[in-house]
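Here the structure is laid out as structure tokens; the discussion comes afterwards.
Just so it is clear, none of the values below were taken in a lab; they were calculated from the coordinates. These figures come from a predicted structure and were not determined experimentally. Methodologically, a virtual Cβ is constructed for each residue, glycine included, from the backbone with ideal geometry; neighbour enumeration extends over all protein chains shown.
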Amino acid sequence: MRIGILSFAHLHAEGYVQNLRRISGVEVIGFSDTDPERGRRISQSFGLRWFWTHEGLLAEAPDAVIVTSENAHHREHVAMAAAAGADVLCEKPVAATVADALAMQEAVERSGVRFMTAFPMRFSPAVQALRDMVRSGELGRVLAVVGVNHSENPKRHRAWFAQKALAGGGATLDHTVHLADLYRWIFETEVGEVAAEVANPFDPEVNVDTAGLLLLRLENGIPASIDASWSRPNHYPRWGHVKMEVVGERGTAILDAFAGHLHVWRKGAGRDYEWLGYHSDPAQGMMEAFVRSVRDQSEPPVTWRDGFEAMRVALAAYRAAEAGVPVDPRSLV
Amino acid sequence: MKIGIVGTGTMGRVHAAAYRRMGAEFVGAYDRNPEKLAAFVGAYTVDPFKSFEELLMRVDVVDVTAPTYAHEELAVRAFEAGKDVILEKPLALTPDSGRRILEAARESGRRLFVAMVVRFFPQYRKAAELVHAGELGRVGVVRLKRVLFPPGPGWYRDPEKSGGMPVDLMIHDLDYARWLLGDPVRVFARKSPPVEGEVLEHVQALLSFPDGRMALVEGGWAYPAGYFRTALDIAGDRGLVEWSSDQPPPLATLFPAGEPAPEVGLPMAGLEEDPYELELRHALEALERGKPFDVAPEDALAALELALAVRESAASGRPVEVAS
């Protein structure tokens, strides 16, 4: 199977290449990137063929592509890949507007290619164990959920994350989608209502929000919160956290998906003090699932709809913060 | 490769469950105790073998999870029957017994994997990778901890059968210390005063390596029922690594307290990947592809000798020189 990487704008692309290279029968045919400095650097450090244009990569007729461009370019790039007949794994958020996301769905359906949204946390064994625990009824009726996906400001890795024109939003759009997707997947319900505070308390140099706190009501009545802030300082020992506490009538489950780490102090490393994870990368399982669906021509385990609904929760947070009243994400059309 | 398990106690169950999850060709088991065997084969839906001879006829790989005192006889007979052997740690009760197992493997041309599982715990592996890659500079002081509650009634409590706490438990971290620093030159150990009628025992061993490097290895059957704590602390001149089982696990639960403690505790909480599965997967893959094992039989023998040196020093109160 021949897979191409459509843009290295998103920093996850680097990990995805490693994930793909661990899967037998997969050939990473190269990557396209229109940024010459990044193209040269990635080409050298990963030993990958570099295409100056996305058309050049797609002309090689890859079986599938990973779209890891800036959020605002997903629509155009997914449409190009679909027209070229390549199955797509698209980085989250699938888009920054409802219109873009719907246009992507249309392009995908017209060409008949498969589309998977990159939600790696569904493939974390700890998250899967939590889901099993909830669904088996072990915790009893779920009473409340507290979720945290806060991080450092990603702009020091890639500037566009904090540029409104390319990212479409800041912390709230970047991080809400992970937990919103896990809530939909674990509790098998839609998000009914979103109340939120969205602001930029941390970085006056950027034109996007750097903090977002969401208070949701899931459709089945469960109250659930999401902390989507870029509230960790740059010298924090790791990029951030994915945490969730599920309070049930019979028991409580406490998830800290990246808890498995060594404490490491090193000279000359990126961080003087670092939490170095020792568990397998959830993105590996995600990539294997994507490759399997391309190979078997089966429905990917995470769909466009999943990506769309999670995005609508984030967009509802912006709307709710602005209006000062709760917003139903499904009212955004 | 058809796998048969001999010995259906705690470790037999752990290995059987791992084979099941891996989808390995685990076909049957033998145990001298027919009731234990019946319960075991029922739980894992495999064949009960009427004798060890029948097991040897039916499988390609013999997984010996019988008590330590039975290791030599079972492993040697498996090699004589031309089988590869996966052998639960510790290798044997004495170096001579261990050497006879290694010799039987050599003579048969078959392979011996001693299941030193700590090398397959992801955190211990990651820390060793940092050390071996020179990320910490020159390692000067290593601290390793492994303390749990005493074993319940059974052969573990009898040092004649299990080797006692240093040989059964501390051997994990003694092996890990060797993996990081190589062979020590001297061992000095202190143990807790005896407690009448109990197997409570806590041992701290100071390992001296060439060039002034050192390690403090702590092991114990000493905690209240249900507790099991492990930790590593590796300090170099350019970096430091800490980890402790006190750290929160990826998934914890709060339920009403009062669950009964298991017979022998296993440090499973907090792990996403089962190290026993990683270990057995490695062993089977190495056997299938003719690749070297991450733990050589000679490592298992050296770890046993080190554990016996710790036991001897703890008993005599004097340092023991370790022959390299």
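From the phi angles alone, apply the Karplus equation (6.51, -1.76, 1.60; θ = phi - 60°) to segment A:73-87 and give each ³J(HN,Hα) in whole Hz, x where the residue is Gly or Pro.
Per residue, the Karplus-derived 3J(HN,Hα) values read 9, 4, 4, 5, 6, 5, 5, 4, 5, 5, 5, 7, x, 9, 5 Hz.
Under a plain spin-label model, where a point goes 7 Å from the Cα along Cα-to-Cβ, how far apart in nm are A:Ser331 and B:Thr45?
5.3 nm
If you take the beta carbon distance between B:Val185 and B:Asp60 as r and set R0 to 45 Å, what does 1/(1 + (r/R0)^6) give as a FRET efficiency, to the nearest 0.05?
Efficiency computed from Cβ-Cβ geometry: 0.65.
For segment A:61-89, list residues with backbone N below 11 Å from a point placed 7 Å from the Cα of A:Arg305 toward its Cβ?
No residue passes the distance filter.
With a cut-off of at most 12 other beta carbons within 10 Å, and DSSP calling the residue loop, which trypsin sites (Lys or Arg not before Pro) in segment B:10-103 qualify? Please list them.
Filter output for segment B:10-103: B:Lys50.
Separation of segment A:286-333 and segment B:82-97 by C-alpha centroid, Å?
Each part reduced to its Cα centre gives a spacing of 54 Å.
Show that you can apply the helix-only estimate: for chain A, add -39,500 (n - 2.57) for every DSSP H stretch of four or more residues, divide by all residues, and state [θ] at 222 nm to the nearest 500.
One gets -11000 deg cm²/dmol as the mean residue ellipticity at 222 nm.
Could you work out, for the protein assembly as shown, what percent of all Cα-Cα pairs fall into each 20 Å distance bin, beginning at 0 Å and stopping at the bin that holds the largest distance?
17, 44, 32, 8, 0
Residue-wise, which Karplus ³J(HN,Hα) couplings in Hz belong to segment B:295-312, taking 6.51 cos²θ - 1.76 cosθ + 1.60, θ = phi - 60°, and x for glycine or proline?
10, 7, x, 5, 5, 5, 5, 5, 5, 5, 4, 5, 5, 5, 5, 4, 4, 5
For segment A:31-110 and segment A:211-229, what is the separation of their Cα centres, given in Å?
31 Å
Largest first and in whole Å, give the semi-axes of chain A's equivalent ellipsoid, each being the square root of 5 times a Cα gyration tensor eigenvalue.
Computed over chain A, the values are 30, 23, 21 Å.
Can you give me the distance in nm between label points at A:Gln18 and B:Ala133, each placed 7 Å from the Cα along the Cα-to-Cβ direction?
0.8 nm
Provide the percentage of antiparallel DSSP beta bridges, counting only those with both residues in the protein assembly as shown; round to the nearest 5.
Roughly 60 percent of the DSSP beta bridges within the protein assembly as shown come out antiparallel.
Relative to the longest principal Cα axis of chain B, at what angle does helix B:34-44 sit, 0 to 90 degrees, rounded to 10?
Computed tilt is about 80 degrees.
Can you give me the relative contact order of segment A:2-113 as a percent, contacts being Cα pairs under 8 Å and 6 or more apart?
Over segment A:2-113, the number comes to 25 percent.
What does the average come to when, for each residue of peptide A:248-259, you count the partner chain Cβ atoms lying within 10 Å of its Cβ?
For peptide A:248-259, the averaged partner shielding equals 4.
Please list the non-local residues whose amide H lies under 5 Å from the amide H of A:Val67, H modeled 1.01 Å from N, same-chain partners needing a gap of 5 or more.
A:Leu6, A:Leu89, A:Cys90, A:Glu91
Quick one: 3J(HN,Hα) in Hz for segment A:202-218, Karplus 6.51/-1.76/1.60 with θ = phi - 60°, rounded, Gly and Pro as x.
In residue order, the calculated couplings are 10, 8, x, 7, 10, 9, 10, 6, 10, 8, x, 10, 10, 10, 9, 10, 6 Hz.
Tell me whether segment A:224-333 comes out rounded, prolate or oblate; compute the Cα gyration tensor, take square roots of the eigenvalues as a ≥ b ≥ c, and use a/c under 1.5 as the rounded threshold.
In terms of gyration-tensor shape, oblate.
Name the long-range amide H neighbours of A:Val327: under 5 Å, sequence gap of 5 or more, or other chain; modelled H, no Pro or chain starts.
For A:Val327, the qualifying residues are A:Val194, A:Ala195.
Describe numerically, in nm with one decimal, the distance between label points set 7 Å from Cα along Cα→Cβ at A:Thr97 and at A:Trp52.
3.1 nm
Can you list the trypsin sites (Lys or Arg not before Pro) in segment A:255-315 that are in a DSSP coil and have 14 or fewer other beta carbons within 10 angstrom?
A:Lys267
Over chain B, what is the percentage of antiparallel beta bridges among all DSSP beta bridges, to the nearest 5?
Percent antiparallel among DSSP bridges in chain B is about 55.
Pairs B:Lys36/B:Lys83; B:Lys89/B:Lys145; A:Lys92/A:Lys164; A:Lys92/A:Lys155: which exceed 21 Å Cα-Cα?
Among B:Lys36/B:Lys83; B:Lys89/B:Lys145; A:Lys92/A:Lys164; A:Lys92/A:Lys155, the Cα-Cα distance tops 21 Å for B:Lys36/B:Lys83.
What are the radius of gyration and Dmax of segment A:2-113, computed over its Cα atoms and given in Å?
Rg, Dmax (Cα atoms, Å): 13.1, 38.
If you restrict to DSSP beta bridges whose two residues both lie in segment A:2-113, what percentage is antiparallel, to the nearest 5?
Antiparallel bridges make up about 0 percent of those DSSP assigns within segment A:2-113.
Could you tell me how far the Cα centroid of segment B:109-156 sits from the Cα centroid of segment B:168-204, in Å?
So the two Cα centres are separated by 13 Å.
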